[in-house]
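Below: the structure, in structure tokens.
The values are calculated or read from the model by the stated rules, or taken from the named source; none is laboratory data. Not measured: the values here are computed from a predicted model. As a convention, Cβ positions derive from the backbone with ideal geometry for all residues, glycine included, and neighbour counts pool all protein chains shown.
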Amino acid sequence: MSEHGTITTSSYIQHHLQNLQLNLKTMSLGNGGFWTINLDTMIISIVLGSLFLMLFRLAAKKATAGVPGKIQNFAEIMIDFVNQQVKDTFHVTNHLIGPLALTIFVWVFLMNFMDLLPIDFLPRIAGSLGIPYLRVVPTTDVNLTFALSLSVFLLILFYSIKIKGFSGFGKELATHPFGWKLLPVNLVLKLVEEIAKPISLSLRLFGNLYAGELIFILIALLPWWLQWALGGVWAIFHILIIALQAFIFMMLTIVYLSMAHEEVH
């Protein structure tokens with residue numbers, strides 16, 4: 001806001017890029033440093049995750065061998081699509097990978113899809129209820145994308161040790177790719193490779209969705225007739241981005257977990 005109470009371009013952008021934060025020390029709204037939760041990210045991601053679970057549970061409860069309904073059709077298409085990606089990439093038996101890949105793809109897609117809502121729609125409703133800030137796209141919050149990627153990274157470590165054992169995993173760190181003679185070099189390269197996995201997973205998703213959100217905000221500052229023209233074109237293009245980013249996150253998860261299941265030679 002300016003001194004006269006008018007909204008400036010800078011304040012408009014800053015307002016839309018500000019999360020609704022909870023200070024865990026004081027249990028009040030505001031930034032509490034390390035002890036801060038982005039409430040809008042948490043609430044919207046949980047609501048969308050619950051929507052995914054309820055939708056697929058409903059499809060399972062109403063599943064029929066006869067003519068399937070629309071929900072069953074959608075669920076079967078998604079399951080077949082994800083199962084095919086897993087079969088093509090993951091060549092050992094693990095009953096966790098399919099459900100995990102499906103959950104990642106649909107959940108990330110739903111969170112990304114929130115970027116297609118009109119930029120002021122939900123924030124204005126929140127404002128009328130006394131909520132000062134609301135960012136509606138959880139994947140534009142780097143905390144969430146890092147949480148997702150770290151969860152995948154922990155699974156990678158878990159299966160690397162479970163399949164190869166501590167000695168096998170240690171041998172892989174020490175001897176690949178140059179053998180025992182270059183053990184220090186191997187360790188550095190392997191650690192960089194492993195650390196890069198969660199970082200690249202999280203930043204790729206965050207960067208693409210953050211850029212998309214920022215473009216929508218900038219379009220919203222234009223005259224209404226340009227908003228409709230440019231916003232429509234960008235929204236159509238952005239559909240490809242939100243689907244592609246969900247697909248990439250899912251596929252890299254499958255690939256990384258497949259690598260974790262490979263025996264050391």
Return yes or no: is residue 92 surrounded by 14 or more Cβ atoms within 10 Å (Cβ to Cβ) and either of a type outside the set (Phe, Trp, Tyr) or over 24 Å from residue 46 (Cβ atoms) (or both)? no
Can we say residue 69 is farther than 14 Å from residue 257 by Cβ and modelled with pLDDT under 95? yes
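Take the conditions surrounded by 12 or more Cβ atoms within 10 Å (Cβ to Cβ) and within 21 Å of residue 152 (Cα to Cα) and apply them to residue 46. Does it pass? Can you show your working first?
On the way: surrounded by 12 or more Cβ atoms within 10 Å (Cβ to Cβ): no; within 21 Å of residue 152 (Cα to Cα): yes.
In short, no.
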Within segment 150-165, is there a residue that is touching a residue at least 60 places away in the same chain (Cβ under 8 Å), among the polar types (S, T, N, Q), in contact with a Phe, Trp or Tyr (Cβ under 8 Å, 6 or more places away or on another chain) and part of a helix (DSSP H, G or I)? yes
From 234, 224, grab the single residue that is modelled with pLDDT under 90 and more than 13 Å from the chain's Cα centre (by Cα). 224
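With respect to residue 21, is the statement that it is polar (S, T, N, Q) and farther than 24 Å from residue 239 by Cβ true?
On the way: polar (S, T, N, Q): yes; farther than 24 Å from residue 239 by Cβ: yes.
So residue 21 passes the test.
Kindly indicate the residue of segment 198-213 that is without any contact (Cβ under 8 Å) to a residue 60 or more places away in the chain and in contact with a helix residue (DSSP H, G or I) (Cβ under 6 Å, 6 or more places away or on another chain) and also nearest to residue 150 (Cα to Cα) among those meeting that condition. Lay out the reasoning, then the answer.
Taking segment 198-213 and keeping what is without any contact (Cβ under 8 Å) to a residue 60 or more places away in the chain, we get 198-201, 204, 207-208, 211.
The next check asks that each one be in contact with a helix residue (DSSP H, G or I) (Cβ under 6 Å, 6 or more places away or on another chain); those that pass are 198, 201, 208.
Working: 198: 6, 201: 9, 208: 19 Å.
Across segment 198-213, the extreme among qualifying residues is 198.
For segment 14-46, enumerate the residues that are assigned to a strand (DSSP E or B) and either modelled with pLDDT of 95 or more or under 16 Å from residue 144 (Cβ atoms) (or both). It would help to see each step written out before you state the result.
Keep residues of segment 14-46 that are assigned to a strand (DSSP E or B), which gives 21-23, 28-29, 36-38.
Matches in segment 14-46: 21, 22, 36, 37, 38.
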For segment 124-139, pairs from a residue that is among the small types (Gly, Ala, Ser) to a residue that is not in a helix (DSSP H, G or I), with Cβ under 7 Å and 6 or more apart or across chains, are 126/134
Given (1) farther than 18 Å from residue 134 by Cα; (2) without any contact (Cβ under 8 Å) to a residue 24 or more places away in the chain, number of the condition residue 52 does not satisfy: (2)
